[in-house]
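Student: Have a look at this one.
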Amino acid sequence: QVQLVESGGGLVQPGGSLRLSCAASGSAISRMGWFRQAPGKQRELVATITNSGGTNYADSVKGRFTISGDNAKRTVYLQMNSLKSEDTAVYYCYGNLGIYNYWGQGTQVTVSA
């Protein structure tokens, strides 16, 4: 079993920055990342990173968001810059090993003036 604990959400003005963190405990996982879900919309991929450092981003966040990981701390970070109102959502940490997917409880990010 894997536990994922997120932190770092909050309210920020358009153009601002936030950094999300997600710490994993329990069984090993090979890929971590972030998904988000806005009201009335489906959950969507934001970014993922593998244990070897390979990254993948949604087109909507490329050039603005950066995902990074600390394998020793089993923690993944999402640096979000140039935030837009459309980035407002609940952000969920994600962990994967083979057929097993794990989710954090979610952290709210609100971008508003």
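The values are calculated or read from the model by the stated rules, or taken from the named source; none is laboratory data. Please read these numbers as outputs of a predicted model, since none were measured by experiment. Cβ atoms come from the backbone with ideal geometry, glycine included; neighbour counts cover every protein chain shown. What goes into the accessible areas is simple: the full protein's heavy atoms, side chains included, and nothing from ligands, DNA or RNA. Shrake-Rupley method; radii C 1.70, N 1.55, O 1.52, S 1.80 Å.
Student: How high is the relative contact order of the chain? Use alpha-carbon pairs under 8 Å, at least six apart in sequence, and give a whole percent.
Tutor: Over the chain, the number comes to 37 percent.
Student: Modelling each spin label as a point 7 Å along the Cα-to-Cβ direction, I'd like the N81/I99 distance in nm, to one decimal.
Tutor: Between N81 and I99, the simple spin-label model gives 4.2 nm.
Student: Taking the Cα centre of the chain as the origin, how large is its charge dipole in debye, to the nearest 20, when only Lys and Arg (+1) and Asp and Glu (-1) carry charge on their Cβ atoms?
Tutor: Once rounded to the nearest 20, the dipole reads 60 debye.
Student: Here is a follow-up. How many Å² of accessible area per residue for the chain, probe 1.4 Å?
Tutor: For the chain, the per-residue accessible area is 52 Å².
Student: I've got another one for you. Across bins of 10 angstrom width beginning at 0, how are the C-alpha pair distances of the chain distributed, in whole percent?
Tutor: Spelled out per bin, shortest first, that is 15, 51, 29, 5, 0.
Student: Say R0 is 35 Å: what FRET efficiency, to the nearest 0.05, do A72 and Q108 get from their beta-carbon distance?
Tutor: That pair, A72 with Q108, gives E of 0.75.
Student: Which whole-Hz ³J(HN,Hα) couplings does region 107-113 yield from phi under the Karplus relation 6.51 cos²θ - 1.76 cosθ + 1.60, θ = phi - 60°, glycine and proline marked x?
Tutor: Result, ordered by residue: 9, 7, 10, 10, 10, 7, 7 Hz.
Student: Determine the gain in length on full extension of the stretch L45-Q3; use 0.36 nm per residue of separation and subtract their C-alpha separation, reporting nm with one decimal.
Tutor: 13.2 nm
Student: In nm, to one decimal, how far is the S60 label point from the L11 one, both placed 7 Å along Cα→Cβ?
Tutor: Rounded to a tenth, the inter-label distance reads 2.3 nm.
Student: Taking all protein chains in place and a 1.4 Å probe, what share, in percent, of the accessible surface of the chain do carbon and sulfur account for?
Tutor: Values: 2880 of 5920 Å².
So the carbon and sulfur contribution to the accessible surface is 49 percent.
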